[in-house]
Amino acid sequence: MRIAVLSDIHANRLALEAVQVAIADAQPDHIVVGGDVINRGPEPRACLLAVLACQADENWLTLKGNHEDFVLMEAAGRLVDSGWMRKLYTHTHWTMLRVRDLLPAVETWPDTRSIIGPNGSEVRFVHASMRSNRHGLYEEMDEPQLIELTSPLPSVLVAGHTHVPFIRQVNSTLIVNSGAVGMSFDGLQQASFALLDWKDARWHAQIVRVDYDHTAAEEAFFSTGYMADAGVMAPLILDEWRKARPRLGPWHHRYEQRVASGELTIEESVAMLLQEEGAAPAFRHW
């Protein structure tokens, strides 16, 4: 049995298409999408339509990620009402407007799925961890932390969310983070997905990296109106995609409380972070 797992597409159509080709070449028996198909990127509708088509036609198994939850909450008017936090989620509103008619299908996606493999082994899929779809798994965590976040322990636990792939054996459980299709955070500007294979009476895992057209993918941030209309966080999102390093997380850690207290505006905080990190300018000359 072979299982392909892809996660964290983040509205990056070209990365998704490249991974689809690589997965087709791998000829898996099952394909699982671990969530975050939409939001935090410029082509949510194209990506969601592609995944929904594969779900219908090729029996892809899909999960909800935290970014699906954000968009669903925005559509229901339950995300944030006003103030500086409204600006924080402008990019989520931008996404919601482009996929609103497709959200009833997204709402049916579960938080957890399992495939029962040979010898009754359970391969369990979550977006981030068993605790929630926002508590991620990291390779540097010690075993007690990983056990806490993956219990009850299956034979294999596969997650995404952190955008950094890894494979670790913890006791009798193989823990796999498939990384991200659309926005890597390990410094490598490649998509990633995981392949699981049952052989020699146990599960084996590998991370597959895939190149795609970065020039065209960057163009999409501008041609779709994302940079013009998705709000104050769009430059950070573009910069984290360009650098293959997280930017929203560092903003929350360094600046959120300062903005919440009124010390800085959210616009000032974003400009300061981009300047501190030596960001590429969030505009293009044509």
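How many residues are part of a helix (DSSP H, G or I) and free of Cβ contacts under 8 Å to residues at least 24 places away in the same chain if we restrict to segment 251-275? Qualifying residue count for the region: 13. The set of residues in segment 205-225 that are under 18 Å from Pro28 (Cα atoms) and surrounded by 14 or more Cβ atoms within 10 Å (Cβ to Cβ) comprises Ala205, Ile207, Val208, Arg209, Val210.
The residues of segment 170-211 that are within 15 Å of the chain's Cα centre (by Cα), in a strand (DSSP E or B) and not aliphatic (A, V, I, L, M), listed by number, are Asn177, Ser192, Phe193.
Kindly evaluate Glu122 against the criterion of being in contact with a Pro (Cβ under 6 Å, 6 or more places away or on another chain) and under 21 Å from Val170 (Cβ atoms). Yes: the conditions hold for Glu122. Residues in segment 228-270 that are under 25 Å from the mean Cα position of the chain (by Cα), among the small types (Gly, Ala, Ser) and modelled with pLDDT of 95 or more were compared, and the one that is farthest from Gly83 (Cα to Cα) is Ala244. Within segment 226-247, being basic (Lys, Arg) and more than 18 Å from Leu14 (Cα to Cα) holds for Arg245, Arg247. Exactly one residue out of Pro104, Pro110, Pro144 is free of Cβ contacts under 8 Å to residues at least 60 places away in the same chain, in a loop (DSSP other than H, G, I, E, B) and not hydroxyl-bearing (Ser, Thr, Tyr): that is Pro110.
Is there a residue being among the hydrophobic types (A, V, I, L, M, F, W, C), surrounded by 24 or more Cβ atoms within 10 Å (Cβ to Cβ), in contact (Cβ under 8 Å) with a residue 60 or more places away in the chain and closer than 26 Å to Ala271 by Cα anywhere in segment 36-52? Checked segment 36-52: at least one residue is among the hydrophobic types (A, V, I, L, M, F, W, C), surrounded by 24 or more Cβ atoms within 10 Å (Cβ to Cβ), in contact (Cβ under 8 Å) with a residue 60 or more places away in the chain and closer than 26 Å to Ala271 by Cα. In segment 226-242, the residue that is farthest from His93 (Cα to Cα) out of those that are in contact with an Asp or Glu (Cβ under 8 Å, 6 or more places away or on another chain) and surrounded by fewer than 20 Cβ atoms within 10 Å (Cβ to Cβ) is Arg242.
The values are calculated or read from the model by the stated rules, or taken from the named source; none is laboratory data. Just so we're clear, the structure is a prediction, and the values are computed from it rather than from any experiment. Here the Cβ is made from the backbone with ideal geometry for all residues, glycine too, and neighbour counts use every protein chain on show.
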